[in-house]
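Below: the structure, in structure tokens.
Here, each number is a calculation from the coordinates, and none is a lab measurement. Note that this is a predicted model, so its numbers are computed, not measured. Note: ideal-geometry Cβ built from the backbone for every residue, glycine included; neighbour counts use all protein chains shown.
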């Protein structure tokens with residue numbers, strides 16, 4: 001794994017905007033092609049193998065949580081538990097997730113799993129691939145995201161209700177809309193009938209006890225880029241169990257278990273000393289070098305890094321009400337003062353590719369940059 005600095009393409013902004021990538025720059029750069037990371041085929045094979053293994057372990061952990069009714073450790077409201085268990089037992093459709101990995105000194109360690117509403121899918125699947133075609137088309141990437149999304153939507157179609165598949169996200173987020181529309185485009189290419197409705201515009205038909213879009217069409221299948229923990233804490237969420245047409249939600253309710261950082265201590269309990277895992281607990285115990293993480297948080301918010309009893313890094317935010325977990329510290333590798341996290345994607349049941357977020361510090365936050373990669 002090497003970090004390489006290069007000259008960006010001439011007029012690269014126009015090149016990425018042509019792809020529909022409109023949030024490449026805000027108050028700080030987000031897409032950064034002045035650098036790329038190169039990996040050997042052996043390293044890529046190890047990341048792919050690790051991703052598949054972590055997925056199998058994660059599924060086993062969901063079963064364990066359900067079997068032992070461990071929902072309180074996840075701060076999951078009791079009213080939604082029946083849907084979690086139903087969606088698991090009936091194998092409701094799920095399509096993707098992103099494992100955030102630290103790759104250092106020939107080791108791969110799971111930092112966390114973004115299992116419900118992972119972003120940077122479009123950047124990983126499309127934007128960095130077209131960058132590679134311009135930079136060096138003779139090289140390859142760990143990237144079959146686009147092909148696997150289309151193939152898995154085709155597979156999932158047979159399990160959906162015989163109706164349109166709605167796609168939803170918040171109105172005001174260009175990033176969420178871009179990722180949602182990318183998912184929708186893949187579903188269209190897979191032959192599905194789709195509709196876009198912003199979550200702000202989803203209505204509730206009290207007479208027929210069902211969710212509807214702006215045309216009063218019943219919603220029976222819905223892909224949401226909107227977190228389950230937000231849904232269940234709103235009055236909107238209380239209607240989910242009332243819907244008589246029993247819509248499929250993608251990602252399904254059982255993903256609430258995997259998208260919660262409480263899954264990290266559970267994995268450590270089930271697979272102690274596993275080489276892909278870091279020690280993780282619900283209390284710091286004997287840990288002296290650790291990261292304190294909210295059970296539910298986003299973009300590196302409310303993280304506290306402790307070394308020998310001293311807080312060395314800390315971020316602010318609005319998370320932590322549900323509680324925290326404590327994970328042994330395994331610092332990110334440093335390249336010229338930059339710290340990369342590997343986001344390795346699972347599409348369907350298979351590892352599908354990766355993206356890299358690079359930060360100026362040990363905590364990857366909302367100001368970190370997306371940088372491309374290739375296989376050397």
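Per-structure values
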read-out	value
For q = 0.21 Å⁻¹, Debye-computed log10 I/I(0) when each Cα of region 1-148 counts as one equal scatterer	-1.44
Cα pair distances in region 279-328, grouped into 5 Å bins until the bin that holds the longest one, percent each	5, 24, 31, 25, 13, 1
Selected from 363, 66, 250 as most flexible by GNM, with the chain as the system and alpha-carbon contacts under 10 Å	66
Stokes-Einstein D (µm²/s) once Rh is taken as the Kirkwood radius of region 110-249 over alpha-carbon pairs, at 25 °C in 0.890 mPa s	149
Ellipsoid equivalent to region 228-376 - semi-axes via the Cα gyration tensor, in Å	29, 21, 17
Choice from 310, 84, 325 showing the highest fluctuation, given a GNM over the chain with Cα pairs closer than 10 Å	310
Square roots of five times the Cα gyration tensor eigenvalues for the chain, Å	32, 27, 19
Cα centroid of region 221-289 to Cα centroid of region 82-111, whole Å	9
Per-peptide average of other Cβ atoms within 10 Å, ordering 208-217, 194-203 highest first	194-203, 208-217
Gain upon complete extension [residue 40, residue 79; 0.36 nm per residue less C-alpha separation]	9.2 nm
Inter-centroid distance (Cα atoms) of region 318-362 relative to region 143-179, Å	24
Whole-angstrom Cα spans of region 188-239 along principal axes, big to small	34, 27, 15
Inter-site label distance for residue 138 and residue 270 at 7 Å from Cα along Cβ, in nm	4.5
Mean projection area, nm², convex hull over Cα of region 127-168	4.3
Estimated FRET transfer efficiency when R0 is 30 angstrom, pair residue 350-residue 162 (beta carbons, to 0.05)	0.65
Residue order, fewest to most surrounding Cβ atoms within 10 angstrom, among 98, 298, 369, 158	158, 298, 369, 98
FRET efficiency estimate (nearest 0.05) - Cβ-Cβ, residue 246 to residue 13, R0 35 angstrom	0.15
Segment residue 321-residue 26, length gained on full extension (0.36 nm per residue, minus Cα span)	103.3 nm
Gain on full stretching of the segment that runs from residue 106 to residue 170 - 0.36 nm per residue minus C-alpha separation	19.1 nm
Cβ-derived FRET efficiency at R0 22 Å, residue 130 paired with residue 236, nearest 0.05	0.05
222 nm mean residue ellipticity, helices alone, for the chain (DSSP H n ≥ 4; -39,500 (n - 2.57); rounded to 500)	-8000 deg cm²/dmol
Selected from 273, 193, 114 as most flexible by GNM, with the chain as the system and alpha-carbon contacts under 10 Å	273
Taking 242, 148 and counting other C-beta atoms within 10 Å, the order from fewest to most	242, 148
